[in-house]
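Okay, structure first, notes after.
What follows is calculated from the coordinates using simple rules that are stated; it is not laboratory data. This is a predicted model, so every value here is computed, not measured. Glycine also receives a Cβ, built like all others from the backbone with ideal geometry; neighbour counts cover every protein chain displayed.
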Amino acid sequence: MYCRECGNGVKAHAEICPNCGVRPLNSTKFCQSCAAPTNANQELCVKCGAGLKNTGNRVVSVGEDRPSGLLNVTVCCFPIVGIILYFIWKNEKPKSAKAACTWAIVGTSIGVLLYIIAFVIGMIGESMYYY
Ligand SMILES: [Zn+2]
Ligand SMILES: [Zn+2]
């Protein structure tokens, strides 16, 4: 295959290109199967038709954008936290923000449901008391 950074031929599964020192698939400048020049948004090579690979994370990420289980549980118990986190994260961590928002809704629904159940049980209890 070819280095996607410099177009130099490299061994298959090579970790680092010996020519430019970049991970061969961590770029978008050349096709990894025929070394034809490609641009950043291209998904298929127009010369050989190969699907262009890109393992690199070239976007400068702001922390980790991975919704965590612990966070989901916390937000589920305290939906207000989820709403706050959603507004803090919605631009920087869209995935986490969405998860926080979803779990806030779930938490709220469960809260409302428990409230209704408690209310109904209360009503039944009260009516039994009066009889
Ligand atoms: Zn290279
Ligand atoms: Zn190609």
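Of note:
- About its Cα centre, the chain has a charge dipole of approximately 620 debye under the convention of +1 per Lys or Arg Cβ and -1 per Asp or Glu Cβ, with nothing else charged.
- Dipole magnitude for the range 1-58: computed about the Cα centre from +1 point charges on Lys and Arg Cβ and -1 point charges on Asp and Glu Cβ, it is near 20 debye.
- Per-pair calculated FRET efficiency, R0 = 22 Å: residue 128 and residue 106 via Cβ, rounded to 0.05: 0.10
- Summarising the label geometry, the points placed 7 Å from Cα in the beta-carbon direction at residue 55 and residue 34 lie 2.4 nm from one another.
- With R₀ set to 25 Å, the beta-carbon distance separating residue 43 from residue 19 gives a calculated FRET efficiency near 0.50.
- When each full DSSP H helix of the chain is screened for a Cα extent of at least 30 Å along its own axis and an average Kyte-Doolittle hydropathy of at least 0.0, the helices passing are 94-130.
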